[in-house]
Amino acid sequence: MDSTKNIFIATTQPFSGKSVIALGLVDLLLSKGQKVGYFKPIINHKPEVHVDAHIDTLINHFKLPIDYLKSYAFAKEDANILVESGHPEDIIDSIIEKYKKQESAYDITIIEGSDFLGEGTAFEFDANVMIAKNLAAPVIVVISGDGKTTAQITNSAVVTVQRFLSRKVRVVAVIVNRAAEEALDEIHAALRPQLKKDILVAVIPQIKELKSPSMSEVKSHLDAQVMFGEEFLNNRVDHFIFGAMQVPNFLNHIKKNVLVVTPGDRSDIVLATLQADISQNYPKIAGIVVTGGFDLPESVVKLIKGSKVSIPLLAVSEPSFHAATKVAGIQSKIHATDTEKIQTAIGIFRKYMDLDRLEKEIADVKPSGVTPRMFQYQLVTRAKSQKKHIVLPEGKDDRILKAADRLVKQGIVNITLLGNVDEILEAINRLGLSLAPENCQLIDPVQNIHFDDYVRTLLELRKGKNMLEGMARDLMTDVAYFGTMMVYKGHADGMVSGAIHTTAHTIRPALQFIKTKPGISLVSSVFFMCLPDRVTVFGDCAINIDPTAEELSEIAISSVETSSKFGIDPKVAMLSYSSGSSGTGDDVEKVRKATQLIREKKPRIKVEGPIQYDAAVDPATGKQKMPDSEVAGNASILIFPDLNTGNNTYKAVQRESGAVAIGPILQGLNKPVNDLSRGCLVDDIFNTVVITAIQAQQ
């Protein structure tokens with residue numbers, strides 16, 4: 001089957017969850033190296049009035065090279081004028097013309113059908129059919145299951161599919177979205193026999209995290225003023241309550257992610273809510289809306305200003321009932337700033353779709369090389385294929401907890417968090433995460449049943465160093481030592497640390513008793529540098545300060561082994577300040593000797609050195625300086641002569657190019673232990689844990 005140039009997402013009613021399908025599709029296509037375009041024939045508002053949330057989110061989150069003004073053909077208002085004037089055919093013609101101007105720039109373009117909002121909806125479905133037919137776009141039909149019986153869902157799907165097929169439009173898949181969790185199998189079983197076998201069927205449940213609005217959406221919908229906590233406007237609102245009763249009774253009604261709506265003259269409710277939010281005995285609260293146009297007393301404002309506020313406090317002039325009614329009517333959208341929602345949507349799409357079959361239907365283009373999106377997608381897929389158990393010693397750090405929450409939600413790894421259990425639970429509650437003892441192991445090292453056994457094991461392993469029992473017990477209270485011992489004893493498959501601790505603190509226990517692999521004398525590190533169009537490996541940028549020629553050759557050989565495991569074709573550039581035989585000096589000679597040692601030890605490795613950075617990565621420069629080299633201009637592994645050069649170069653490339661740097665990834669140890677930068681972000685932790693899990697599979 002020839003690969004398609006486009007795919008059309010169609011529905012028959014508003015709020016069906018097309019954004020989940022769109023996010024999942026773009027993620028899937030980018031992971032396969034596709035150049036992805038996005039086109040929405042008719043948007044709801046002119047851009048000067050309101051930017052389309054779907055298009056804005058996709059362009060900004062995935063950094064798609066798309067001009068917003070070229071991503072649509074008509075604003076709905078203009079389309080309706082043409083329909084009312086008796087010229088609907090002009091709409092179709094203009095849509096086709098505008099689409100065709102963009103088509104050649106992309107491998108595949110996702111076309112999003114109408115939202116069915118406001119006036120003119122009678123015209124919209126027929127227009128969608130005509131657009132899909134004229135653009136030769138196969139269709140994914142999205143059916144909302146929200147509040148519907150299985151019979152209603154099945155009937156809607158069959159009728160919709162038939163209307164496309166009757167116009168000779170190919171239907172690739174039917175996706176029932178927002179279905180009741182308990183009815184997934186029933187819906188699938190009822191729908192499958194009524195559709196052609198070549199139509200893919202998927203049923204996705206209602207996901208509370210996606211349906212619930214954020215406090216930012218509440219603010220916009222109510223046109224509210226932010227009094228406190230503006231930085232927490234991404235908090236999710238799952239439900240709301242009136243705060244109009246006495247405080248003891250009010251506290252009994254607090255649920256996780258609740259929005260408290262209360263008159264502005266009820267300072268007692270406001271203060272009780274703020275206190276409940278920081279209490280370990282109450283769940284995370286989404287925020288507060290004070291109503292009626294009342295000003296909080298100055299003494300209360302003073303008290304709040306001097307307190308730790310971790311929820312937004314909004315104010316409106318409307319009475320409580322009207323404000324609550326408006327909140328209840330919010331239809332949440334996924335915005336570019338809603339990183340957690342975006343990740344949840346992509347995770348849900350991956351979980352419930354037959355991705356292999358969908359890919360064969362719409363994305364059978366074979367890419368050359370490995371793009372960053374492909375690389376990261378493949379990492380998650382590989383980690384999931386053989387689920388491993390990773391211990392995170394810095395269990396109360398907010399970044400660690402947020403990354404762990406994502407990893408557990410997506411079912412990528414099993415997680416153990418180390419630290420004071422009460423403090424970890426308090427942080428989980430404060431952040432509003434779904435981590436709990438049921439899905440994530442929480443361990444206080446000193447209280448753990450294995451503590452004494454770990455102490456005895458450490459004494460045995462370090463008996464040649466005359467370690468005393470008291471010292472062993474002290475060391476084992478250290479979360480880095482305890483976590484490393486979990487890995488050594490097989491109670492965890494790998495460890496990731498360093499968000500709070502130094503590199504030395506993380507690596508020292510690993511060197512003491514996990515030790516290096518047979519035949520390897522050196523622990524080294526690499527970074528996976530995810531550049532805009534490729535993934536390159538940098539080493540060593542974190543561990544070895546001034547390696548000898550022998551050590552440099554070992555770093556390169558270890559880097560080749562690491563790269564091969566992660567699907568990167570290894571072509572090694574041994575970097576220096578000169579290329580080929582032109583340069584002299586001790587530093588150049590070290591690199592030249594290291595290159596020769598690699599060729600002697602591993603003759604199959606493609607290696608060039610000494611070589612300058614530009615000659616290693618730029619084809620034109622490489623051909624000019626080293627015309628006979630198969631590595632020059634195409635290097636995928638860059639080995640730096642010392643830590644000073646490597647560390648500064650990776651950081652410069654990362655900052656100046658916007659590259660994602662995954663690492664440092666340690667290589668050479670018997671079992672995987674990886675270090676984080678103390679300035680790491682949640683994404684860095686997530687990626688490092690995923691790579692550690694893959695290392696543990698080897």
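See the values below:
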| read-out | value |
| --- | --- |
| Residue match in region 313-323 (condition: surrounded by fewer than 17 Cβ atoms within 10 Å (Cβ to Cβ), outside any helix (DSSP H, G or I) and either modelled with pLDDT of 85 or more or not assigned by TED's automatic domain parsing to the domain that holds I108 (or both)) | yes |
| Test: residue in region 600-611 that is in a helix (DSSP H, G or I) and over 20 Å from D546 (Cβ atoms) | yes |
| Residue in region 649-657 that is touching a Cys at 6+ places or on another chain (Cβ under 8 Å), of a type in the set (A, V, I, L, M), outside any loop (DSSP other than H, G, I, E, B) and touching a residue at least 24 places away in the same chain (Cβ under 8 Å) present | no |
| Subset of region 271-300 [touching a residue at least 40 places away in the same chain (Cβ under 8 Å), among the aliphatic types (A, V, I, L, M) and surrounded by fewer than 23 Cβ atoms within 10 Å (Cβ to Cβ)] | I278, L296 |
| Listing of helices (runs of 4 or more DSSP H) fully contained in region 435-519 that carry 2 or more residues being among the acidic types (D, E), free of Cβ contacts under 8 Å to residues at least 12 places away in the same chain and farther than 21 Å from V690 by Cα | 451-461 |
| Test: K602 is touching a residue at least 24 places away in the same chain (Cβ under 8 Å) and among the charged types (D, E, K, R) | yes |
| Lone qualifier among A179, A183, A224, A190 - being of a type outside the set (S, T, N, Q), in contact (Cβ under 8 Å) with a residue 12 or more places away in the chain and within 19 Å of A345 (Cβ to Cβ) | A179 |
| Residues (under 18 Å from A328 (Cα atoms), surrounded by 15 or more Cβ atoms within 10 Å (Cβ to Cβ) and without any contact (Cβ under 8 Å) to a residue 60 or more places away in the chain) located in region 240-268 | I241, G243, I254, V258, V260, T262, P263 |
| Odd one out for G498 among (1) surrounded by fewer than 21 Cβ atoms within 10 Å (Cβ to Cβ); (2) at positive phi; (3) in contact with a Ser or Thr (Cβ under 7 Å, 6 or more places away or on another chain) | (1) |
| Flag for G24 being closer than 22 Å to D354 by Cα and at pLDDT 80 or above | yes |
| Counted residues, region 72-95 - those being touching a Leu at 6+ places or on another chain (Cβ under 9 Å) and either closer than 28 Å to D338 by Cα or among the hydrophobic types (A, V, I, L, M, F, W, C) (or both) | 4 |
| Failed condition for L29, given (1) out of contact with any strand residue (DSSP E or B) (no Cβ under 9 Å at 6 or more places or on another chain); (2) closer than 26 Å to L210 by Cα | (1) |
| Inter-residue pairs, beta-carbon under 6 Å, first within 25 Å of P532 (Cβ to Cβ) and in the same structural domain as L135 (by TED's automatic domain parsing) and in region 32-59, second part of a loop (DSSP other than H, G, I, E, B) and among the acidic types (D, E), 6+ apart | Q34/D107; K35/D107 |
| Search result, residues across region 295-319 that are closer than 16 Å to T273 by Cα and of a type in the set (S, T, N, Q) | S307, S310 |
| Residue selected from region 27-58 under the condition of a type in the set (G, A, S) and assigned to a helix (DSSP H, G or I), by the criterion modelled with the highest pLDDT | A53 |
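The values are calculated or read from the model by the stated rules, or taken from the named source; none is laboratory data. This one's a predicted model, so the numbers in the text were calculated from it and none came from an experiment. Counting neighbours? That spans all protein chains shown, and the Cβs are built from the backbone with ideal geometry, glycine included.
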